[in-house]
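J.: Mind looking over this structure? Questions follow.
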Amino acid sequence: MANRCQLIGLAVWLSTAQVALSSAFAINELGARAQGMGGAFTSIADDASAIFFNPAGIAFQKGLQLEMDELTVIGLFRFFPSDPPAGTAVPANGYSGSVKPHFIPVANMYMTKDLNPKWSVGFGAFTPFGLSANFTNFKDADPTNTKFVGRFAGTRARLESIWIQPTASYRLSENSSLGLGVAVVHTHLLLEQSILNPYDEGRTFGLALAPLVFPGLDPDLAAHSIARFLPEGRSRVAGTSNSPGFSVGYLYKHSASKTNVGLMFRSAVTHHLKGRASFAFTDTGAIKPFLPSPDTISKLFPNQEIRGTFTTPANYVVGVSNSAFWNSTIAFDFQIQDFDRFSSIPLNFSQTQDTATPAERRLFFNFGNSYQLHAGIEKRLKKIRAVRAGYIFDHTPVPDRSVGPLFPDSSRHSFTVGASQRLGNAEITLFYQAMKMLDRKTNVPTNDNQFTNGEYRNFAHLAGFSMRLHFGRDVK
Amino acid sequence: MRKACCLLLLSVLGGGASQQKKLDVTTFVVLGEGLAAGMADFSLRDVYQDKSFPAQMARQMKTIFPQPLIQSPGIGNVPGFPSLPVRVPTTLQTTVRTPFPPYLFVFNLSVPGFRVADSINRRPSPPLVQDRDAVQTSTNLILGFPALILGKGKPLWTQLEYARQMNPTIALVELGYYDVLEPAVKGDPSLLPDVAAFRTNYSTILATLKGLFAQVLVTTIPDPMDTAYFTSLSGATRLVGAPADVLAGLYKLHPSDRLTVNGLATIGSQLQVNETGTLPAGSVVSAATADQISKRVDALNSEITSLAQQNGAIVYDLRTFFRLMKASGIQVGSKTLTADYLGGFYSLDGFYPGNTGHALIANELLNLLNQTYKESFSLVDVNAVLNTDPAVRFTPAVKRPGKGSK
């Protein structure tokens with residue numbers, strides 16, 4: 001049974017796609033039980049998902065626990081541009097950034113085992129960072145006015161940062177423990193966007209060609225028109241990395257007051273990506289027949305090896321919970337993620353001789369730090385093992401300047417409910433989360449030519465379940 | 001190209017629908033015939049092209065407007081006057097097209113002598129100069145230059161294809177005038193375009209432009225009968241000195257007949273030497289013919305208006321403007337311009353306006369854009385244009401007192 005569960009868990013995990021659910025591209029919803037309580041679980045950490053929420057928690061767990069968590073997300077992302085170019089056909093209900101299919105599965109797997117009264121070990125495979133946004137509403141040959149207006153700022157982003165984390169925990173005392181997990185972090189990043197924006201970099205190209213195309217005319221004005229003679233291009237940058245990371249947790253349980261205090265730190269990780277950049281261009285553009293050869297522009301943008309670097313933030317969480325009243329547990333977490341580490345992604349191209357791909361192209365994001373407040377309650381019952389409810393406030397780290405198709409982000413309120421039921425040595429847990437992202441209007445002059453200013457209206461439904469199998473001593 | 005690459009390094013990678021109705025004048029493309037091209041005084045040449053109403057609009061809108069300027073004495077023939085063989089280059093011409101090296105693309109795609117069907121079908125073809133075909137030579141020099149001299153494989157676009165390739169943000173369509181002008185000048189209504197065929201072709205043009213998501217501005221077709229090329233017998237007195245009833249008697253004319261510029265010139269010459277004879281063909285247009293032409297113009301304009309509505313284009317009623325000019329003229333500073341021959345509005349050919357006329361049309365269109373798109377384009381200083389406009393200085397010869405009594 002255990003092996004089958006592990007295999008199922010691994011298979012689901014391998015086939016998953018991820019979506020950003022918490023601040024920017026952080027994912028905190030990695031345990032169904034925790035999420036029923038609004039994710040306020042750092043001071044509880046009494047199931048195998050403690051490997052993610054607080055590694056110190058596994059020191060208090062008996063026997064062998066196998067847990068598989070599955071999360072399904074329906075993200076409804078809408079963008080209403082405030083000042084698109086003349087003639088743009090904006091859908092009446094805005095541009096959709098939802099991925100297809102709408103149901104995004106996110107799966108995680110945890111295992112814990114006590115070795116002796118002092119030591120416990122565990123293993124987790126989980127995805128604390130992920131992103132999946134897709135504003136690609138077009139084919140390259142479509143009329144330009146029907147294409148997503150912000151495509152030059154990005155059309156598709158996909159990030160999966162998977163932590164494969166062996167963990168050990170030590171009981172410092174009867175009431176306290178310390179846990180440490182060391183992880184290999186496998187990361188895959190993909191960014192797609194359109195290039196040769198006639199309102200932006202296309203004009204730089206136009207400025208260079210102005211003396212040849214329109215000799216004697218105002219070069220700045222000429223550049224604006226020449227930019228419209230260019231084909232439209234698409235770029236895709238994709239890379240992977242394997243980097244180290246670690247988590248540290250501390251858990252203290254005050255028996256008399258039935259109060260727990262938990263601390264958790266998950267390290268920042270710098271990802272050194274290796275991958276490829278590829279480019280393609282439409283067969284349009286008045287300038288094309290007059291260039292030295294039909295593939296002049298393609299030669300300027302050769303497909304090539306690429307390297308890049310970015311850093312995912314560290315997490316600092318403090319939690320407190322109390323189980324003294326109403327046969328319930330009330331929990332609160334406060335979490336900080338230092339997203340200010342995510343300031344830019346330098347992309348280093350390998351073919352820079354006689355091409356238009358630079359030695360380095362840096363994508364700036366300049367995130368700030370984010371914080372989250374988690375509050376939850378779990379009520380233990382007789383027929384149903386427990387019911388839960390929770391609330392989360394999540395303050396976005398994304399500044400207005402960086403809000404766009406890659407990060408259509410805003411602060412958000414979430415309300416969660418959940419329940420668990422025992423079936424022999426198995427426990428099934430369900431949760432639902434309604435996530436309302438605050439409508440966000442941006443008006444950043446430097447984004448005018450990217451056409452990412454406007455209103456972002458987002459909502460997400462999250463639902464998940466977990467199956468936990470408990471073998472051995474003191475089965476709860 | 002190397003420089004272009006370097007500059008690109010700086011910038012690449014940076015970074016039920018409702019269509020946005022706002023004006024972007026980045027690329028202003030004009031599809032037209034002689035009127036929008038700036039044809040005046042029997043030919044297309046740089047001094048008038050520079051003052052064509054699209055060119056004056058572009059200056060006010062502060063956008064580039066590369067034109068295929070032709071060195072004087074220009075190219076092209078005009079209906080109603082003898083056609084001359086194409087001589088390019090001729091005396092005073094060097095490169096013919098200016099500036100040189102030429103613009104790779106032009107935005108004023110108007111070709112003198114173009115009918116609506118030509119906009120869709122006629123494309124440049126070698127050789128560049130075709131001495132028996134002025135319209136084809138004009139097409140080559142406007143739409144096919146420099147493609148025709150750059151070797152094989154370069155695109156030879158029709159006017160409409162060219163417009164599509166320019167990816168305009170705003171397009172102006174001034175077509176149809178030549179379609180009715182030639183039949184009017186020849187006094188032959190059978191040459192007038194078939195309304196259904198006209199509609200089909202015009203629809204193709206507007207649908208294509210609509211597909212480019214440009215803001216499209218169309219002008220209705222002026223009625224040739226409102227132009228200075230056609231003069232009533234009473235109006236002729238001012239030019240030839242003889243009263244209408246005398247002219248009617250001498251040349252067996254009906255009081256409602258209209259005299260063409262050629263007719264006026266012939267009558268003037270004959271009266272000067274006191275010899276009257278038969279007027280050459282094309283000198284007189286009967287009221288019935290004029291009425292037929294005007295009605296067909298109305299029918300064509302009705303189609304233009306209807307198609308414009310269907311395709312989201314805005315319409316400027318150029319026909320009404322010409323009619324008002326005919327009815328009352330216009331005061332510019334201390335000068336009153338009229339639609340009479342040598343009245344200041346039209347150039348010497350009688351149906352293409354002079355520089356001031358183009359300035360007035362430009363201002364009408366700018367006003368329409370300002371109203372439609374809440375823009376604030378300043379208007380052309382018509383007085384300044386008038387002061388340098390040859391058309392304004394042309395006036396009928398005045399009989400000097402006492403000179404004729406000798």
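No lab work stands behind these numbers, since they all come straight from the coordinates. Everything numeric here is computed off the predicted structure, so don't read it as measured data. When we count neighbours, we look across all protein chains shown, and the Cβ atoms used for this are built from the backbone with ideal geometry, even at glycine.
J.: What average count of beta carbons from other chains do you get within 10 Å of the Cβ of residues in B:209-216? Don't skip to the answer; put the middle values down first.
T.: On the way: counts 0, 1, 2, 4, 9, 3, 2, 0.
That average works out to 3.
J.: Starting from the coordinates of the alpha-carbon atoms of the stretch B:17-71, obtain the Kirkwood hydrodynamic radius over all distinct pairs and give the value in Å to one decimal. Before the final figure, lay out each step's value.
T.: Working: mean 1/r = 0.0810 Å⁻¹.
For the stretch B:17-71, inverting the mean 1/r across all distinct Cα pairs yields 12.3 Å.
J.: Which value, in debye to the nearest 20, gives the size of the charge dipole of the stretch B:264-354 about its Cα centre, when Lys and Arg are +1 and Asp and Glu are -1 at the Cβ?
T.: Values: 6 positive and 7 negative charges, 37 e Å.
Charge dipole, the stretch B:264-354, about its Cα centre: 180 debye, nearest 20.
J.: Starting from the Cα of A:Lys258, draw a straight line to each of the lysines and keep only those under 27 Å, dropping any in the same chain fewer than 8 residues away.
T.: A:Lys62, A:Lys113, A:Lys118, A:Lys379, A:Lys382, A:Lys383, A:Lys476
J.: Using every alpha carbon pair in chain A, what percent of pairs falls into each 20 Å bin from 0 up to the bin containing the largest distance?
T.: Each 20 Å bin holds this share of Cα pairs: 24, 49, 22, 6, 0.
J.: Give me the inter-chain shielding for B:96-107: mean count of other chain Cβ atoms within 10 Å, whole number please. Write out the running numbers ahead of the final one.
T.: Working: counts 0, 0, 1, 4, 1, 4, 2, 7, 10, 8, 1, 2.
Averaged over the peptide's residues, the number is 3.
J.: Based on the Kirkwood radius over alpha-carbon pairs, what value in µm²/s does the Stokes-Einstein equation return for the translational diffusion coefficient of the stretch A:246-393 at 20 °C and 1.002 mPa s?
T.: Numbers: Rh = 20.2 Å.
Roughly 106 µm²/s, to the nearest whole number.
J.: Continuing with this model, one more query. What is the protein assembly as shown by shape, rounded, prolate or oblate, if you read a ≥ b ≥ c off the alpha carbon gyration tensor as root eigenvalues and call it rounded for a/c under 1.5, prolate for a/b larger than b/c, and oblate otherwise? Intermediate values should be presented prior to the final figure.
T.: Numbers: a/c = 4.06, a/b = 3.12, b/c = 1.30.
Prolate, because a/c is 1.5 or more and a/b exceeds b/c.
J.: What value, in deg cm²/dmol to 500, does the helix sum -39500 (n - 2.57) over DSSP H runs of n ≥ 4 give at 222 nm once divided by the residues of chain A? Don't skip to the answer; put the middle values down first.
T.: Details: 6 runs with 48 residues, N = 476.
My calculation for chain A gives -2500 deg cm²/dmol from helical runs alone.
J.: Next question, about the same structure. Enter the mean number of other protein chain beta carbons within 10 Å of the beta carbon of each residue in A:142-149, as an integer. Could the numbers behind the result be given before it?
T.: Details: counts 0, 3, 3, 7, 3, 0, 0, 1.
Per residue, the average neighbour count from other chains is 2.
J.: State whether the stretch A:154-290 is rounded, prolate or oblate according to the following rule on the C-alpha gyration tensor (a ≥ b ≥ c being the square roots of its eigenvalues): a/c under 1.5 gives rounded; otherwise a/b larger than b/c gives prolate, and the remaining case gives oblate.
T.: Working: a/c = 5.53, a/b = 3.64, b/c = 1.52.
Verdict is prolate for the stretch A:154-290.
J.: Still on this structure, please answer the following. Sorting check: for B:329-336, B:115-122, which peptide has the highest mean count of neighbouring beta carbons within 10 Å, and how do the rest follow?
T.: Details: B:329-336: 13.5, B:115-122: 20.6.
Highest mean packing first, the order is B:115-122, B:329-336.
J.: Once you treat every alpha carbon in the stretch B:68-145 as an equal point and sum by Debye, what is log10 I(q)/I(0) at q = 0.15, 0.19 Å⁻¹?
T.: Values, matching the q order: -0.50, -0.81.
J.: Setting aside same-chain residues fewer than 8 positions from B:Lys374, which aspartates and glutamates have a Cα under 16 Å from its Cα?
T.: Here the aspartates and glutamates satisfying the reach criterion relative to B:Lys374 are A:Asp83, B:Asp24, B:Glu364.
J.: May I ask you to order B:358-364, A:446-452, B:144-150 by the average number of other C-beta atoms within 10 Å around their residues, highest value first? Show your work: numbers first, answer last.
T.: Numbers: B:358-364: 24.4, A:446-452: 19.7, B:144-150: 17.3.
Top of the packing list down: B:358-364, A:446-452, B:144-150.
J.: Still on this structure: How high is the relative contact order of the stretch B:283-406? Use alpha-carbon pairs under 8 Å, at least six apart in sequence, and give a whole percent.
T.: Working: 100 pairs, mean separation 23.7, N = 124.
The normalised contact order for the stretch B:283-406 reaches 19 percent.
J.: Calculate the length of the line joining the C-alpha centroid of the stretch B:218-234 to that of the stretch A:205-225, in whole Å.
T.: Each part's Cα centre sits 40 Å from the other's.
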